[in-house]
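Trainee: Would you mind keeping the following structure in view while I ask a few things?
The values are calculated or read from the model by the stated rules, or taken from the named source; none is laboratory data. Keep in mind that what you see is a predicted model, and the values were worked out from it rather than measured. With ideal geometry, Cβ positions are generated from the backbone for all residues, glycine too; neighbour counts draw on all protein chains shown.
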Amino acid sequence: MTKSSATPLPTVVVKNGMHKAIAQGHPWVYRTQIETIRDLPDAGEINKQGDPDGMAATAASAATATMVAQPARALVVDVVDFRGRSLGRGLYNSASMIAVRILATTSETVDEHLIRERLTAAIALRQRFARPDTDSYRLVFAEADRLPGLIVDQFATTLVVQVLSMGMETFLHTITETLLALVKPDRLILQHEEAIRVKEGLPLYRKIVFGDDCDRTVITENGLKLVVDLANGQKTGYFLDQKANHAFLRQFSAGQRVLDCFTYIGGFALNALAGGAREVTAVDVSAAAIELTRENARLNGLEDRLQTVTANAFDFLRDEVRAGHHYDVIVLDPPAFAKSHAAKAAAIRGYKEINLSALRLLESGGILATHSCSYHMSESIFLETILEAARDAKKRVRILDIRRQDFDHPVLGGYPESHYLKSIWLQIV
Ligand code: SAH
């Protein structure tokens, strides 16, 4: 894919007035923002450009899975504003609403060497901040690591890879080879079952690239052992973004009655127990998640002080308020209620309801750790919603801390979508 300077790359011209966010570092060009594309080869030409990364093989395996839209591979393009000023170099996919994902400047060559460099830098960042009591990290966080659409999670000696853009699929072979060489895992799994792949024109499948197939693995987080379900779990298997917040909870836990709503496999609940909580109640609507929470508690010898409840947390919280129960510390960590901008109003009502109930269950001195993992709920709107709930609950609160996702999910300047997890810690005055 290396281009001599004599051959200009196809050039995407962004409409007048739509270049500003991109100029400030936003790495996406939507199809609707494109004025014109110059020097775009036709589909036949694209496929004659050689097969630098074994894409033919990928396309062949893709064909056996589900349908693949055109083109079979992303194209390297230059992006310029309406005056012809460079905005960067990226990968173009005509099948996606996000037509170009920028990952380089025009002085860089977008090829397998660049991908290898980016992977090396991403892994080095995690190694630099790795904690001795934790063996699992997000090694690559897509756009924030300038590998747009690529997620790589390390669960102990297993790597779970999700390619969510045509651009990264083009380099799939380089990505897996580089990861195997740099990390030397026992197992590498392609978890390609996220529906978002269909929007990119990519097939859905799960494939073991290296090592044996295995449904579950045991990771170490904050010194705790956790069984992670690799085959049937949510997302890549576990939410690594909450590690530091899990640890933060410990300092509030000694001797306390703790409620962990939306526990998944027990992340907050087990850290509260490890921090000396008197008793912990963990709630999740998924029976499979609660089963894993119980197993994880046993694995760490923490089951004595743990109660689990399989229930809708909205109903559970309402019932607890009605029953007049109280807790000292409550964690709320629901799934993203606002998956789109349009869903925001309903999401705000949802966040308000559970936070209102939680605040009612806390007495003076009590702690609420409340989360939103929806990008569409900005930090300020989320905080405003929580403070409104506090007013309705007639509680005065002090804000102890406002946190976010752990360091291995970095936030890229100019790309606000990469700051998605809000973590607000309050104390009832
Ligand atoms: N707190 C977890 C991550 C939570 S992910 C951690 O720190 O690792 C969100 C969880 O909410 C999932 O386990 C999902 O099963 C659960 N969930 C979704 N809707 C729910 C509802 N209405 N009531 C209770 N749990 C729900």
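Trainee: Looking at Ile354, is it within 13 Å of the ligand (Cβ to nearest atom), in contact with an Asp or Glu (Cβ under 7 Å, 6 or more places away or on another chain) and outside any strand (DSSP E or B)?
Mentor: Details: within 13 Å of the ligand (Cβ to nearest atom): yes; in contact with an Asp or Glu (Cβ under 7 Å, 6 or more places away or on another chain): no; outside any strand (DSSP E or B): yes.
Against the criterion (within 13 Å of the ligand (Cβ to nearest atom), in contact with an Asp or Glu (Cβ under 7 Å, 6 or more places away or on another chain) and outside any strand (DSSP E or B)), Ile354 does not qualify.
Trainee: Among the listed residues Arg101, Arg73, Arg138, identify the single one that is modelled with pLDDT under 95, of a type in the set (D, E, K, R) and crowded, with 21+ Cβ neighbours inside 10 Å. Walk me through it before giving the result.
Mentor: On the way: Arg101 fails: modelled with pLDDT under 95; Arg138 fails: modelled with pLDDT under 95.
Selected residue: Arg73, the only one of Arg101, Arg73, Arg138 that is modelled with pLDDT under 95, of a type in the set (D, E, K, R) and crowded, with 21+ Cβ neighbours inside 10 Å.
Trainee: Tally up the residues in the stretch 191-243 that are of a type in the set (S, T, N, Q), within 14 Å of Leu159 (Cβ to Cβ) and not in a strand (DSSP E or B), please. Walk me through it before giving the result.
Mentor: Of the residues in the stretch 191-243, the ones of a type in the set (S, T, N, Q) are 191, 217, 220, 222, 232, 234, 236, 242.
Now narrow it down to the ones that are within 14 Å of Leu159 (Cβ to Cβ): 191, 217, 236.
Within this subset, residues satisfying the condition of being not in a strand (DSSP E or B) are 236.
Of the residues in the stretch 191-243, 1 are of a type in the set (S, T, N, Q), within 14 Å of Leu159 (Cβ to Cβ) and not in a strand (DSSP E or B).
Trainee: Which of the residues spanning the stretch 107-157 are touching a His at 6+ places or on another chain (Cβ under 9 Å) and basic (Lys, Arg)?
Mentor: Arg138
Trainee: Would the stretch 245-257 turn up any residue that is within 28 Å of Gln191 (Cα to Cα) and in a loop (DSSP other than H, G, I, E, B)?
Mentor: Within the stretch 245-257, none of the residues are within 28 Å of Gln191 (Cα to Cα) and in a loop (DSSP other than H, G, I, E, B).
Trainee: Related question: Looking only at residues in the stretch 239-277 that are of a type in the set (S, T, N, Q) and either within 11 Å of the ligand (Cβ to nearest atom) or within 11 Å of Val331 (Cβ to Cβ) (or both), which one is farthest from the chain's Cα centre (by Cα)? Steps first, answer last, please.
Mentor: As a first pass, look at the stretch 239-277 and keep what is of a type in the set (S, T, N, Q): 242, 245, 251, 253, 256, 263, 271.
Narrowing further to those that are either within 11 Å of the ligand (Cβ to nearest atom) or within 11 Å of Val331 (Cβ to Cβ) (or both): 242, 245, 253, 263, 271.
Working: Gln242: 11, Asn245: 15, Ser253: 27, Thr263: 17, Asn271: 21 Å.
That would be Ser253.
Trainee: Let me ask something else. Going residue by residue through the stretch 204-221, is there one that turns out to be out of contact with any strand residue (DSSP E or B) (no Cβ under 8 Å at 6 or more places or on another chain) and surrounded by 16 or more Cβ atoms within 10 Å (Cβ to Cβ)?
Mentor: yes
Trainee: Related question: Can you pull out every residue in the stretch 306-343 that is of a type in the set (D, E, K, R) and either out of contact with any helix residue (DSSP H, G or I) (no Cβ under 9 Å at 6 or more places or on another chain) or surrounded by 16 or more Cβ atoms within 10 Å (Cβ to Cβ) (or both)?
Mentor: The first filter runs over the stretch 306-343 and keeps only residues of a type in the set (D, E, K, R), leaving 315, 318-320, 322, 328, 333, 339.
Scanning the stretch 306-343 gives Asp315, Arg318, Asp319, Glu320, Arg322, Asp328, Asp333.
Trainee: Moving on. Is it the case that Thr293 is within 25 Å of the chain's Cα centre (by Cα), in a loop (DSSP other than H, G, I, E, B), in the same structural domain as Asn232 (by TED's automatic domain parsing) and within 14 Å of the ligand (Cβ to nearest atom)? Don't jump to the end; show me each part of the working.
Mentor: Working: within 25 Å of the chain's Cα centre (by Cα): yes; in a loop (DSSP other than H, G, I, E, B): no; in the same structural domain as Asn232 (by TED's automatic domain parsing): yes; within 14 Å of the ligand (Cβ to nearest atom): yes.
Taking the combined requirement at face value, the residue does not satisfy it.
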